[in-house]
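The values are calculated or read from the model by the stated rules, or taken from the named source; none is laboratory data. Computed from a predicted structure; not experimentally measured. Glycine also receives a Cβ, built like all others from the backbone with ideal geometry; neighbour counts cover every protein chain displayed. Areas reflect the complete protein model, heavy atoms only, side chains present, ligands, DNA and RNA absent. Shrake-Rupley method; radii C 1.70, N 1.55, O 1.52, S 1.80 Å.
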Amino acid sequence: MNKIITILVVLFSIQGVLAADQNPPPPTPPPPPGLPIDGGIVVLFVLALVSGYYLSKKYISIKKGSL
């Protein structure tokens, strides 16, 4: 009886390996690259101009004060 059970277990395990899917699903496409910065570029430019103006005025006022 043990021999029959052993043979059945081996046959079923081999059948499970051989019955694996021969046609795997196609690979998924890669995700698109990062997010666009179209909408925020104007705000970023305005902030850069404002900070540049502020820092230049601060630098000029410090330079005039030390003379």
- Message: Can you compute 3J(HN,Hα) from phi for each residue in segment 4-12, using the Karplus curve 6.51 cos²θ - 1.76 cosθ + 1.60 with θ = phi - 60°, rounded to whole Hz and x for Gly and Pro?
- Response: 5, 5, 4, 5, 5, 5, 5, 5, 5
- Compute the length gained on full extension between S13 and T28: take 0.36 nm times their separation in residues and subtract their Cα-Cα distance, giving the result in nm to one decimal. 2.3 nm
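R0 = 35 Å: FRET efficiency of Y59 with L35, Cβ-based, nearest 0.05?
0.50
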- Added length on full extension, which subtracts the Cα-Cα distance from 0.36 nm per residue, L49 to K3: 8.0 nm
- segment 25-67 - accessible surface per residue (Å², probe 1.4 Å): 102 Å²
